[in-house]
Every structure is written in C-alpha cells, then in structure tokens.
Amino acid sequence: MKILCCILISISIVWADDNGLRYEKEKVCEKLHGMGQQKFKGLFIALYSQKFPSSTLAEVTCLADEMLKLGERCCVEGASADCYDKGATEISDKSCQADSPFPKHPGISKCCAKKDVHERKMCLATLHYSAEELPSLLDPTNEEMCEQYTQDPIGYSFGYVNELARRHRSVPIELVMNATLSQLRMLKKCCKPSPITECFFTERFQERQFNIFLRFTSNVCHNNVNLKSYKTGLTAYFGSLLKIPFEKAQSMAKDFQDGLSKCCLQPNQECIVQEFTGFQKVLCNESSLAIMSEEFQRCCGKAPLDTLMCVDNLKRQPQTFPDIQPLSPSLCEPASQQEIQRYLFQIGARQLLTSVPVIATALGHVKDKVMACCSDTNIQTCMNQKDEDVKKVIKLLSKTDEICSQYIRLDFLAFKVLVEQQVQADGEQAPAKAEALVELGSACCFQQSPALRCQTLMEKLISYQKGGAV
C-alpha cells in the first residue's frame, strides 16, 4: 500500500527525469503483480473518488480501467522503455477531450490549455476539488445490502469504496480501504445463508471505534485542507476547550495542525496514528493534568487515539477576558504579529458551542480587515473606518453561539420560528438571513461540522452585515 499509493498523482504520471520515471514504474508494476487486477482497480477507484468527489462511479471507473490497462500493457517483459510515459500522455490528452468519459473538474480547461505536455500533466495531477461535503453514507437495510452483495460482490465493493472515498476525501487512503474491507468481511460473514441480525450487530459493535476514528480524522483533515484560517480557529477552540492561555493554546494548535499537514494526504494511516499518539502526550502532560477537569483526566486515562476523540466531545469552558478594544495602530507594529493573534484569540475563545469552521471564518475576516489597514497609508483612519465592521463580525460570532444554544434546546420548528422573529427588523434581507441562520444552526453547532458548508454560510452572513444587525 505504501509504495502503490504514490500513484495518487499518476493520473498524469509526472516526473522530472527518466530515473524517477523508471523507479515509479517499477514500484507500480511490482504492486500490480502483487495485488492482482481487482484490488489494484479498487484502489484506483478509491483514489479518484477522493480526487473527484462530484463525479459518477462510471466516470471514476473508466479512469481506473485506463490506469489498469496502462499497467498491464507496460508492466510485461519486453514492453518498450517509453511505454509508460506515452500511455500517461494519452490519458492526459483524453482527459482534455470535450467528450472525455473521465471525471470532470472545474480547473481542467486551464490545465488543458497548457502547451507543454509535462506542465499539462503536472497541472492535471495537482487539481484539487473543493466541492461542499456530501451527506453521510447511510447503509440500506441488512437484507438490501446482502442482496446487492450476493448478486455482484465485485460491483458492490467498487460502489461502496467509491461512496466512502467521496465522503472522506482528505484522509489517508488506507483508512478508506480498511473501512471497505471491514464492510466486505461483515457481509461475507453475515449474509449466508440469509441475513443474520445478531451477526451484523456484533460486527458493527466491534468496528465502532475504528469508524469513530475515521470520522474524527476525516473531520480534522478536511478542516485543515479547506479552512482558510484553521490554525487561528483551532487556537481559539483549544483555549475554550481546555481553558488555557493564548500562548499554550497557540502552541498546541501549531503542533496539531503541523501533524495534519504532514500526514492527512499521505497514503498510509501510520503517519497520522503516530502524530495523534504524540499529540495525546502533549494534551495529557502530567505537569498540567492535575489542574484539568475530572472529565478531561478521564479522557487521558484512555488509549491515545481514544483520548483525542474523548476530549473532542468535552464541553468547552467559559473564560473571562477583558472587553474587546477598538482597533488600534499598535496591532500594525513590526513586533505585533503575536498581538494580532492574541486579539483574535480573545474574540474566538469566548465561543462555547459554535464549531471551529464558523470561528475560523469569522476570525479570518477580522484578520483581513486588520492586515488591510496595516498596509494602508493612513492606518488610524483605516482602523476607525473598519472598526465598526469588525464589531459587527464579533457580534455575529456571538450570535452564532446563541443560535446554537437555541437549536440544541428547541425542536426544529420552534427554533425556525424564533430565528425568523429575531431578524424581522432587517427588512428585505430578513428571509435570507433567517434561512442562513437556521441552516447554520442545523449544520454548524457540532464539532464535526462540514467545513466548507459552514465556512460558506458564515461568509454569507458576514456579507449581510452592511444591511443591518444580525
């Protein structure tokens, strides 16, 4: 798995020199022969489903088939030395055809416009899809799954890994493959001679911790890949979750995000497991453990990976901060970069219910305002002009906590009516604001909230600020 997954970029097979090309070809051929056609194709379906989550299974399978054919054609004795590179060029050319059967991507036309073949292939290889998250994968009934599996085990496995990979597009591919294998083992064991309810219950119970770990990893990796100000939001989150000062929260956020940046897009899960295990030691440092809450200490008594998921479910702690001061030119002094971050921390760490994507988006907007003024010829005038905008964003962020509290406390219909009443004074914008706030309440008040969706909702609400109060 480790070597084979380097072919994540081999949709276009790009290397700087012949030696690198030969090395990669050898490793791919080695794994193709070792895994066999079916597993090799299944892995490619998973890789391309992560890369093109909005594509159909047919499109992804078509591309996986092409890569399998390339391997079969070029990984045999007597194949020409340039077989691999020529085949990859043909695939990239086919990707650029108007009637291409391969997955579509908004940036593909930009890549196809490049004259240089290697530049085009590199561009295609590095395309990143940032479509909003898909809803969770819901299994059909046991009977329906067994029927689908027994009728076509291979087709079922390809369809399942496609749906799973589309929903976990930012995690090591090995996690997706392991989850798929667990699903297939369960069906093989529990479907014959007919669906056995007790068997399904036992198998799912045994896999529950892995599935929780997959969801947790998918959430934090997706945040890291997609959120514009993730570390800033994470610093505020750790501050309120652990009730720790800015410097410690910032250091902890940096350690955590550095681990995610290093490991989330690696093919193997070993890297992320090691980073999470190391971070557990930072979280549960014996020198500070005694002053933490009993709930936190209980989390630290668990296995390292379970600790992180346990801590992630703890309630955040209110902190006492001084009142937020008006924007000041002192934030623009050469040595004040930390002061800007401290200023943002004091805004964000007051949030007790809103998810990190919402906090990060609001704080990123405030930071942009401050940095724009620091580049202005008249900093003080700019600060005076932007201060009211910043106050509105801070007020909106505080409002999201209130919205989350109402969403958790009320049934949905009562919550929706209350939100609509609260924004009635906003005139023509009231219906759109109410809709965005209701959607934010239902989607973004949980720690594992969809990053892109919540970021978009918060940006939309911030854009309404000029029209009045929220």
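Out of all the residues in the stretch 256-292, which are at pLDDT 90 or above, crowded, with 17+ Cβ neighbours inside 10 Å and touching an Asp or Glu at 6+ places or on another chain (Cβ under 7 Å)? Across the stretch 256-292, the qualifying residues are GLY259, CYS263, GLN269, PHE279. Checked against (1) buried (at least 19 other Cβ atoms within 10 Å of the Cβ); (2) part of a loop (DSSP other than H, G, I, E, B), TYR149 passes all but condition (2). If you go through the stretch 293-327 and keep only what is without any contact (Cβ under 8 Å) to a residue 60 or more places away in the chain and open to solvent by less than 40 Å² (accessible area, probe 1.4 Å), you end up with PHE296, CYS299, CYS300, THR307, CYS310, PHE321. Inspection of the stretch 129-143 identifies at least one residue that is of a type in the set (Ser, Thr, Tyr), within 28 Å of ILE91 (Cα to Cα) and either in contact (Cβ under 8 Å) with a residue 60 or more places away in the chain or surrounded by 18 or more Cβ atoms within 10 Å (Cβ to Cβ) (or both).
Checked against the criteria, LYS254 does not count as of a type outside the set (Ser, Thr, Tyr), in a helix (DSSP H, G or I) and over 30 Å from LEU127 (Cα atoms). The residue that is farthest from GLU439 (Cα to Cα), among those in the stretch 348-365 that are at pLDDT 95 or above and among the hydrophobic types (A, V, I, L, M, F, W, C), is LEU363. If you go through the stretch 29-57 and keep only what is over 24 Å from CYS83 (Cβ atoms), assigned to a helix (DSSP H, G or I) and either aromatic (Phe, Trp, Tyr) or open to solvent by 30 Å² or more (accessible area, probe 1.4 Å) (or both), you end up with just LEU57. Taken over the stretch 355-383, the criterion of being among the polar types (S, T, N, Q), farther than 18 Å from GLN338 by Cα and free of Cβ contacts under 8 Å to residues at least 12 places away in the same chain is satisfied by THR377, ASN378, THR381. Could you check, for the stretch 98-121, whether at least one of its residues is closer than 26 Å to GLN266 by Cβ, at pLDDT below 80 and in a helix (DSSP H, G or I)? Yes. Looking across the stretch 257-310, just one residue is outside any helix (DSSP H, G or I) and of a type in the set (Lys, Arg), and that is LYS302.
For the stretch 226-251, residues that are open to solvent by less than 50 Å² (accessible area, probe 1.4 Å), out of contact with any Gly (no Cβ under 6 Å at 6 or more places or on another chain) and assigned to a helix (DSSP H, G or I) total 14.
The test for being open to solvent by 30 Å² or more (accessible area, probe 1.4 Å), touching a His at 6+ places or on another chain (Cβ under 9 Å) and not polar (S, T, N, Q) does not hold for ASP411. A count restricted to the stretch 349-403 and to residues that are closer than 18 Å to GLN465 by Cα, among the small types (Gly, Ala, Ser) and surrounded by fewer than 18 Cβ atoms within 10 Å (Cβ to Cβ) stands at 1.
Taken residue by residue, the stretch 178-188 has no member that is of a type in the set (Val, Ile, Thr), out of contact with any His (no Cβ under 9 Å at 6 or more places or on another chain) and part of a loop (DSSP other than H, G, I, E, B). Note on the stretch 332-344: among residues that are of a type outside the set (Gly, Ala, Ser) and open to solvent by less than 10 Å² (accessible area, probe 1.4 Å), the one that is nearest to the chain's Cα centre (by Cα) is LEU344.
Of all the listed residues (LYS433, LYS399, LYS460, LYS395), the sole one being farther than 30 Å from HIS168 by Cα, assigned to a helix (DSSP H, G or I), modelled with pLDDT of 90 or more and touching a helix residue (DSSP H, G or I) at 6+ places or on another chain (Cβ under 6 Å) is LYS433. Checking each residue in the stretch 58-97 for being more than 17 Å from LEU32 (Cβ to Cβ), surrounded by fewer than 16 Cβ atoms within 10 Å (Cβ to Cβ) and at pLDDT below 90 picks out SER80, ALA81, ASP82, LYS86, GLU90, ASP93, LYS94, GLN97.
One residue alone among CYS96, CYS75 is in contact (Cβ under 8 Å) with a residue 24 or more places away in the chain, in contact with a Lys or Arg (Cβ under 8 Å, 6 or more places away or on another chain) and within 26 Å of ARG169 (Cβ to Cβ), and that residue is CYS96. Restricting attention to the stretch 30-66, the residues that are touching an Asp or Glu at 6+ places or on another chain (Cβ under 9 Å) and more than 14 Å from GLU163 (Cβ to Cβ) total 5.
Residue pairs whose Cβ atoms lie under 6 Å apart, sitting 6 or more positions apart in sequence or on different chains, and linking a residue in the stretch 168-190 that is closer than 17 Å to VAL220 by Cα to a partner that is open to solvent by 30 Å² or more (accessible area, probe 1.4 Å) and among the β-branched types (Val, Ile, Thr), are SER170/VAL225.
The values are calculated or read from the model by the stated rules, or taken from the named source; none is laboratory data. Only a predicted model underlies this, so the values are computations on that prediction, with no experimental measurement involved. Cβ: placed from backbone, ideal geometry, glycine included. Neighbour counts: every protein chain shown. Areas reflect the complete protein model, heavy atoms only, side chains present, ligands, DNA and RNA absent. Shrake-Rupley method; radii C 1.70, N 1.55, O 1.52, S 1.80 Å.
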